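Engineer: Dropping a structure here in structure tokens format, bear with me for questions.
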Amino acid sequence: MKKIFLILVVCIAFLFGCKDNPTEPQPIKQKILKTNEVVFFSSDRDGKATNIFIMTTDGELIKQITKYDWGVYVATAISPDSSQVLFYQAAPGLDIDVGMDIYIYKIKEDTIIGPITQGHPGNFTPDGNKFVFSRHTFTMEGGYESVYLYDLINNSEIKLTEDAKTSFYAQISPDGNSICYESASFLDTLSCWQLHLMDIIGNHITDLTSLTSGYYASNPVFTPDGHSLVFWYNEQTWCYDICKLDLSNHSINYITQNRFNGRYDVTSNYKNPSISKSSNKVYFYSHFVDYQYPHPIEIYSANLDGSDFRKLTDNNYWDSHPIAGVVTYYVEE
């Protein structure tokens with residue numbers, strides 16, 4: 001009888017415990033479709049590789065896009081219909097801007113296509129059927145980069161620039177008629193980089209810069225109206241700024257002001273600009289000069305005239321290579 005009584009006490013205590021501590025049902029996450037201007041960027045914040053993430057234009061993280069365990073992944077362009085992102089893989093420890101494999105991310109489907117070909121991609125043609133890219137050719141002297149055009153319909157490519165001259169960072173104009181790119185002859189690659197313009201089949205149109213030794217004009221991108229280029233630039237000071245070049249008269253105007261602030265040892269050299277077609281905002285990243293900590297750290301935005309200068313990220317991660325635009329995407333909430 002005593003044993004039965006003890007069993008009843010234990011059962012009653014158990015029932016009361018279950019009543020006081022019911023199992024909470026887990027909320028069911030739903031996929032929500034959103035359309036906003038967002039920023040795709042590279043970061044090592046997942047602790048595995050430098051993957052691609054997406055955030056709001058105010059710097060709030062939305063979600064992680066690529067989830068690789070090895071390599072560096074960089075987005076370079078949003079397709080004209082805003083449905084796809086062009087990106088590439090680089091090898092860790094090497095120059096992040098030397099592409100290895102090129103992929104396409106389908107935004108709404110949240111899927112990846114590729115690798116499509118090898119190289120460093122620029123952007124799409126206005127119809128979205130082709131994209132421009134550059135590829136390294138190895139030689140006994142070290143090699144060079146050539147600019148190509150890839151046809152996504154026929155899965156074919158054509159070379160646009162001549163051999164034995166390094167040409168890369170190619171970008172197609174908004175009207176699809178011309179390509180801007182950065183180049184240097186073999187002897188000039190350590191001292192001076194110039195910007196050039198060619199037509200869509202590789203015929204030279206004009207030299208956009210004629211700089212002397214020690215000047216760098218790099219990573220050009222067209223403004224949405226096609227009248228100007230934005231690029232990063234230095235004038236023998238090792239102080240990099242984001243500048244705008246007028247295609248009608250080749251004049252150069254500064255968007256950021258490192259050089260004029262006398263900050264030649266500044267830790268915020270600015271590089272790799274991109275422009276949102278929807279807002280005309282310029283996005284770029286900063287870079288430490290201190291070679292004991294030689295990597296990008298923060299992403300910024302500004303208007304084309306340099307106003308509304310903002311820091312979007314502020315942490316110890318490798319946040320770099322931003323591109324922005326209005327896209328439609330799913331999030332789980």
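Engineer: Once neighbouring chains are kept in place and the probe is 1.4 Å, which whole percent of the accessible area of the range 28-128 is contributed by carbon and sulfur?
Structural biologist: 48 percent
Engineer: If I ignore ligands, DNA and RNA and count only protein heavy atoms, how much of MET100 is accessible to a 1.4 Å probe, in Å² to the nearest 10?
Structural biologist: Surface accessible to solvent at MET100 totals approximately 70 Å².
Engineer: Another one. Check which residues have an amide H placed less than 5 Å from TYR240's amide H, if you skip close sequence neighbours.
Structural biologist: Answer set, sorted by chain and number: TYR270.
Engineer: Using only the Cα atoms of the range 40-83, build the gyration tensor, take square roots of its eigenvalues as a ≥ b ≥ c, and label the shape rounded, prolate or oblate: rounded if a/c is under 1.5, else prolate if a/b is larger than b/c, else oblate.
Structural biologist: In terms of gyration-tensor shape, oblate.
Engineer: For ASP46, what residues show an amide H to amide H distance below 5 Å, using hydrogens built from the backbone and excluding near sequence neighbours?
Structural biologist: HN-HN under 5 Å from ASP46: ASN51.
Engineer: Using protein chains only and a probe of 1.4 angstrom, how many square angstrom of TRP193 are accessible, to the nearest 10?
Structural biologist: 30 Å²
Engineer: So, in nm, how far is label ASP207 from label LEU33 when the simple model puts each one 7 Å beyond its Cα toward the Cβ?
Structural biologist: 5.2 nm
Engineer: At a 1.4 Å probe radius, which order do ILE205, ILE252 fall into by accessible area, largest first?
Structural biologist: ILE205, ILE252
The values are calculated or read from the model by the stated rules, or taken from the named source; none is laboratory data. Treat the numbers as computed from the prediction; the structure is a model and nothing was measured. Reconstructed Cβ throughout: ideal geometry from the backbone, glycine too, with neighbour counts over all protein chains shown. Note: accessible area is taken over every heavy atom of the protein model, side chains too, but ligands, DNA and RNA are not part of it. Shrake-Rupley method; radii C 1.70, N 1.55, O 1.52, S 1.80 Å.
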